Amino acid sequence: MVTKPKGALGAFALAMLCSAAFGADASAQDGPVRLGILTPKQGASASIGQSMARGAELAIELHGGKVLGRDIKTVWLDEASPQVAQQNMQKMADDYSVAGVVGGNSSSATLAMMPVAEREKIPFISAGSAASEVTGASCNRYTFRTQAPVPVQVSAVFDRLKDQKLYFMTPSYAFGQDVLRTARSMLDGVGASEAGNDEVPVNTADYSSYILKIRQASPDAVFGALVGLDLSNFLKQWRELGMQGEIPVYEVAVSDTDFWDIGPDASTGIHVKPWYYNDPANPDVEKKFVEAYEEEHGQPPSDKAWSGWFAMTAMLDSIEAAGSTDPKEVVKQIESWTYDAGEFPYYFRKWDHQLIRPSVIVQVKDEITDKWDYMNVIGTSTSGKEDTLKAFGTQEEIGCKMGEL
Amino acid sequence: MEIILSQAANGVVLGVIYILISVGLSITFGMLGIINFAHGAFFALGAYFSYELASRFGWSAAIAAPLLAAAIGMLVEVVLIRRLYGKEPLLSLVVTFALALLIEAVIRSVWGTGGRPLSPPAIFNGIVEIGPILMTTYRFAVLVITVAVLLALWAFLALTPYGRVIRAGSRDPEMVDMLGINLPRVFTAVFGLGCGIAAIAGVLAGPLWTVSPSMAANAIMPAFVIVAIGGLGSFSGAVIAGLFVGITTALTVQFWPEASSAAMYVLMLLILLVRPRGLLGTQWERFE
């Protein structure tokens with residue numbers, strides 16, 4: 001039996017370890033740049049998560065598949081719940097050493113991911129969350145957000161609800177609670193009143209009992225913030241129970257997939273969303289994005305696909321401008337990044353990292369003849385730079401205390 | 001008072017859908033001793049098959065959806081499940097959990113991550129109002145169809161020779177085998193029956209809920225709760241428990257909506273504290 005001397009084995013192992021360590025360092029400089037995508041892959045928002053991931057991937061393709069002259073490798077992990085999202089954010093740092101993360105659809109998951117982004121120094125652009133805390137009390141230097149916060153979205157449609165008796169339908173987590181609180185605070189301003197409210201658990205399959213309550217309360221309108229399949233289920237059963245056309249439905253932070261999932265018959269209402277693919281006001285660069293998306297996926301992009309594309313574009317531009325993947329430099333570049341194709345240059349506000357950009361107000365068409373084109377854009381939350389900036393609130397109102405890099 | 005009556009009636013409809021989902025699970029456990037975590041996946045398969053058949057050939061073709069799901073169930077029994085008989089319950093739980101993930105992944109790859117629009121047949125459009133009770137025609141039809149399916153199932157198990165063989169096989173498989181009955185074939189049929197009933201529930205729920213991959217996960221937890229409340233393997237226990245869960249959920253929505261998804265778990269906790277075997281659970285020597 002031949003045995004190797006233990007000393008020689010130890011030296012060999014040490015040599016291998018050193019070689020692996022130096023090799024890894026070299027590959028970190030020359031190998032691909034890893035970018036994380038963290039969106040829901042399952043549950044009520046799976047459709048939204050897929051759209052967002054597709055949009056982010058397309059942004060990379062349109063950028064030439066490279067950043068800083070290096071190939072880009074994406075890592076797509078699941079945002080199934082706040083706990084899973086937080087663990088996967090940690091994985092992004094520990095296992096994949098990503099240069100940045102795009103994702104964060106739900107506010108509760110985003111709020112769970114943000115401390116990890118700050119601790120591990122990962123530039124993170126949330127492309128879906130809307131709760132005020134994300135860029136308010138819980139803000140941090142490494143987190144940015146593209147979607148308009150709840151107060152901006154709620155105020156976008158509230159002037160259409162003057163003197164109305166409203167029934168609130170909101171999901172029972174951070175975002176929904178924010179919508180309910182904000183809407184209640186705006187009731188007096190438009191002379192509206194509350195006919196009732198329900199805070200609905202996420203992943204509710206059957207809304208018939210809630211709809212019976214609404215029917216009994218006889219409101220003038222339903223104002224809600226249901227998300228993903230929750231909204232799909234609600235609208236489907238709303239129609240089934242003969243309520244469609246009887247009481248108008250207003251929702252904030254909706255996504256196109258919420259309607260595509262149930263078809264034109266059940267789709268109804270006036271809603272606030274970040275973007276619509278068939279908005280005549282879309283700039284050329286977004287029209288090109290729509291064409292590329294349609295070519296690749298055989299359908300137009302939803303607003304969440306746009307959000308993923310927008311956030312990833314900002315990330316890539318900022319890494320290029322930083323000249324490295326050094327997170328501090330990347331954060332500084334995102335802070336000074338502007339999107340010049342819009343009505344005015346859109347930007348992430350330096351003191352809270354909120355994207356300053358109006359949302360669109362859409363109305364489901366009376367007659368839907370196209371497989372995908374369900375909406376008419378009937379307005380925007382604000383117009384012009386000054387009005388938009390004012391709608392997003394002052395530093396005192398927002399309450400963000402940004403930390404150091 | 002009117003709204004409470006209306007909610008209770010609505011809870012009954014919700015309950016009968018839950019019963020249909022859980023009764024197949026109960027039969028599979030009661031007859032085969034298998035905790036089928038993939039049961040919800042067969043519920044989803046029923047909904048997807050009905051979507052595919054209804055959109056291609058019209059609603060009448062959707063009747064084939066449960067048969068397709070049952071056939072897949074039988075294939076799964078032959079290939080996978082029969083290797084689990086007599087083994088630790090934990091093993092069947094793990095294997096069928098993996099099967100559930102596999103079926104959901106197949107659904108995602110075939111039909112995509114998003115939902116699929118499926119509306120009730122046009123003949124069931126409209127609303128039925130009986131006093132204070134408001135119900136859609138389709139929900140009323142679901143109620144009638146479910147009661148008919150449950151009665152037919154009960155009659156099959158209690159009154160036919162095949163049903164007697166199944167029941168005897170579940171209690172004393174060795175004796176049934178000695179009588180010359182091909183027990184493996186019977187077990188294959190029982191597993192297929194359980195999957196087929198889950199798929200009937202999927203067909204009926206498809207026009208009510210959004211047809212999406214996550215509907216499997218949404219169905220399996222109420223099904224397990226109902227089976228636990230009713231008593232493992234008890235057909236009539238599942239029926240009573242399903243109604244309890246449906247009505248409790250609907251009434252909780254009325255009075256405390258935030259707690260509506262937790263209500264059935266609290267109900268289960270209370271019932272199991274008082275009666276650990278569930279409402280109609282009996283002592284079975286093979287599971288002791």
When the residues of the range A:326-385 are narrowed to those that are part of a loop (DSSP other than H, G, I, E, B) and of a type in the set (Asp, Glu), which ends up nearest to A:Lys401 (Cα to Cα)?
A:Asp352
All conditions in (1) under 19 Å from A:Gly228 (Cβ atoms); (2) over 13 Å from the mean Cα position of the chain (by Cα); (3) crowded, with 24+ Cβ neighbours inside 10 Å are true of A:Ser126 except (2)
Within the range B:178-221, which residues are under 17 Å from B:Leu153 (Cα atoms) and charged (D, E, K, R)?
none
Mind checking which residues of the range B:171-211 are at pLDDT below 90, part of a loop (DSSP other than H, G, I, E, B) and of a type outside the set (A, V, I, L, M, F, W, C)?
B:Asp172, B:Gly180, B:Asn182, B:Thr210
List the residue pairs whose Cβ atoms are under 6 Å apart, where the first residue sits in the range A:176-203 and is facing chain B (nearest Cβ under 10 Å) and under 29 Å from A:Gln42 (Cα atoms), the second is surrounded by fewer than 18 Cβ atoms within 10 Å (Cβ to Cβ) and of a type outside the set (Val, Ile, Thr), and the two are 6 or more positions apart or on different chains.
A:Glu199/B:Glu258
Within the range A:36-53, how many residues turn out to be within 11 Å of another protein chain (Cβ to nearest Cβ), in a helix (DSSP H, G or I) and under 18 Å from A:Ser232 (Cβ atoms)?
9
Could you identify the single residue in A:Ser324, A:Ser307 that is of a type in the set (Ser, Thr, Tyr), in contact (Cβ under 8 Å) with a residue 12 or more places away in the chain and crowded, with 24+ Cβ neighbours inside 10 Å?
A:Ser307
Every residue from the range B:246-266 that is in contact (Cβ under 8 Å) with a residue 24 or more places away in the chain and surrounded by 16 or more Cβ atoms within 10 Å (Cβ to Cβ):
B:Gly246, B:Ile247, B:Thr248, B:Thr249, B:Ala250, B:Leu251, B:Val253, B:Gln254, B:Met264
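Just the residues that are polar (S, T, N, Q) and assigned to a strand (DSSP E or B), please, taken from the range A:159-180.
Taking the range A:159-180 as the starting set, the residues that turn out to be polar (S, T, N, Q) are A:164, A:170, A:172, A:177.
Correct list: A:Thr170 only.
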Residues of the range B:84-126 satisfying the condition of being β-branched (Val, Ile, Thr) and farther than 20 Å from B:Glu52 by Cβ:
B:Val94, B:Val95, B:Thr96, B:Ile123
Residues satisfying the stated conditions in the range B:158-212, i.e. among the β-branched types (Val, Ile, Thr) and either within 14 Å of another protein chain (Cβ to nearest Cβ) or over 19 Å from the mean Cα position of the chain (by Cα) (or both)
B:Thr160, B:Val165, B:Val176, B:Ile181, B:Val186, B:Thr210, B:Val211
Report yes if some residue within the range A:360-380 is under 20 Å from A:Val134 (Cβ atoms) and in contact with a helix residue (DSSP H, G or I) (Cβ under 8 Å, 6 or more places away or on another chain); otherwise report no.
no
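Out of the residues in the range B:246-288 that are outside any helix (DSSP H, G or I) and under 16 Å from A:Ser208 (Cα atoms), which is modelled with the highest pLDDT?
Taking the range B:246-288 and keeping what is outside any helix (DSSP H, G or I), we get B:256, B:260-262, B:275-284, B:288.
Then keep just the ones that are under 16 Å from A:Ser208 (Cα atoms); that gives B:256, B:260-261.
Details: B:Trp256: 91, B:Ser260: 88, B:Ser261: 87.
The selected residue is B:Trp256.
Do you know which residues across the range A:110-156 are of a type in the set (Ser, Thr, Tyr) and over 23 Å from A:Thr170 (Cα atoms)?
Of all residues in the range A:110-156, those of a type in the set (Ser, Thr, Tyr) come to A:110, A:126, A:129, A:132, A:135, A:138, A:142-143, A:146, A:155.
Residues satisfying the conditions are A:Tyr142, A:Thr143.
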Which one is nearest to B:Ala69 (Cα to Cα) among residues in the range B:171-230 that are surrounded by fewer than 22 Cβ atoms within 10 Å (Cβ to Cβ) and polar (S, T, N, Q)?
B:Thr188
Filtering the range B:119-142 for residues that are surrounded by 15 or more Cβ atoms within 10 Å (Cβ to Cβ) and either at the interface with chain A (Cβ under 8 Å from one of its Cβ atoms) or part of a strand (DSSP E or B) (or both) leaves a count of 8
Could you tell me how many of the residues in the range A:34-48 are surrounded by 22 or more Cβ atoms within 10 Å (Cβ to Cβ) and at pLDDT 95 or above?
5
Total residues in the range A:241-256, condition within 11 Å of chain B (Cβ to nearest Cβ), in contact (Cβ under 8 Å) with a residue 40 or more places away in the chain and out of contact with any Leu (no Cβ under 9 Å at 6 or more places or on another chain)
1
Considering only helices (runs of 4 or more DSSP H) fully contained in the range A:181-285, which possess at least 3 residues that are touching an Asp or Glu at 6+ places or on another chain (Cβ under 7 Å)?
A:229-240
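Can you find a residue in the range A:270-286 that is more than 14 Å from chain B (Cβ to nearest Cβ), within 20 Å of A:Ile211 (Cα to Cα) and not acidic (Asp, Glu)?
Applying the first criterion (more than 14 Å from chain B (Cβ to nearest Cβ)) to the range A:270-286 yields A:270-286.
Imposing the further condition that a residue be within 20 Å of A:Ile211 (Cα to Cα) reduces the set to A:270-271.
Then keep just the ones that are not acidic (Asp, Glu); that gives A:270-271.
Yes, there is a match, as at least one residue in the range A:270-286 is more than 14 Å from chain B (Cβ to nearest Cβ), within 20 Å of A:Ile211 (Cα to Cα) and not acidic (Asp, Glu).
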Any residue that is under 20 Å from the mean Cα position of the chain (by Cα), over 19 Å from A:Lys41 (Cβ atoms) and assigned by TED's automatic domain parsing to the domain that holds A:Thr39 - is there at least one of those in the range A:156-174?
no
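The values are calculated or read from the model by the stated rules, or taken from the named source; none is laboratory data. Since we're looking at a predicted model, the values are computed, not measured. Every residue, glycine as well, gets a Cβ built from its backbone with ideal geometry; the counts of neighbours run over all protein chains shown.
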